[in-house]
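Note sheet for the following structure.
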Amino acid sequence: MTPVDPYLAHLRPRLGGAGILVVARDTGRALFLHDPSRGEWTSPGGGIERGERPFDAAVREFAEETGYRGKMWFRYEETFIPPSYWLFHALVDREFVPVLSHEHDAYVWAPLDALPEPLHAGLQSLRRR
């Protein structure tokens with residue numbers, strides 16, 4: 001049996017989690033946020049609330065964690081990370097400076113071939129793309 005990541009385990013009571021891997025068209029770099037409580041880099045995202053669809057939760061969490069209210073173009077691609085996390089893929093025109101929530105202390109726009117370290121275990125599949 002595969003051990004459950006503690007981060008994903010704490011999301012389970014909230015019906016799972018969802019996030020967005022957003023890439024800036026102008027640079028091709030993706031946005032990652034640093035979670036000081038875990039010491040890891042992750043994509044914006046969080047828990048799904050009762051009655052909420054994973055996509056709607058991802059959009060809500062992205063806005064809450066970055067302050068971004070601009071346009072995003074979603075690709076017809078999502079990654080399901082067992083046991084209960086959905087990662088949606090989107091584009092923005094250009095990199096922006098996020099207004100970080102209390103959950104994060106730093107951000108970085110990183111090329112997908114040079115991901116920040118340490119990267120959250122749930123995002124390790126990005127290395128194989």
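The values are calculated or read from the model by the stated rules, or taken from the named source; none is laboratory data. Here the structure is a predicted model, which means the values were calculated and not measured. For neighbour counting, all protein chains shown are included, and Cβ atoms are generated from backbone atoms with ideal geometry for every residue, glycine included.
Key figures for this structure:
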| quantity | calculated |
| --- | --- |
| Filter pass, VAL99 being over 14 Å from the mean Cα position of the chain (by Cα) and touching a residue at least 60 places away in the same chain (Cβ under 8 Å) | no |
| Residue satisfying all of: in the range 32-91; in contact with a helix residue (DSSP H, G or I) (Cβ under 9 Å, 6 or more places away or on another chain) and of a type in the set (S, T, N, Q); surrounded by the fewest Cβ atoms within 10 Å (Cβ to Cβ) among these | THR79 |
| Residue that is surrounded by the most Cβ atoms within 10 Å (Cβ to Cβ), among those in the range 92-126 that are among the β-branched types (Val, Ile, Thr) and in contact with a strand residue (DSSP E or B) (Cβ under 6 Å, 6 or more places away or on another chain) | VAL92 |
| TYR76 modelled with pLDDT of 95 or more, farther than 13 Å from GLY122 by Cα, outside any helix (DSSP H, G or I) and hydroxyl-bearing (Ser, Thr, Tyr) | no |
| Qualifying residue in the range 57-67 (condition: outside any strand (DSSP E or B) and within 15 Å of ILE81 (Cα to Cα)) | yes |
| Lone unmet requirement of (1) at pLDDT 90 or above; (2) assigned to a loop (DSSP other than H, G, I, E, B); (3) among the β-branched types (Val, Ile, Thr) for VAL22 | (2) |
| Sole exception among (1) part of a loop (DSSP other than H, G, I, E, B); (2) modelled with pLDDT of 90 or more; (3) farther than 16 Å from PHE32 by Cβ for PRO83, by number | (2) |
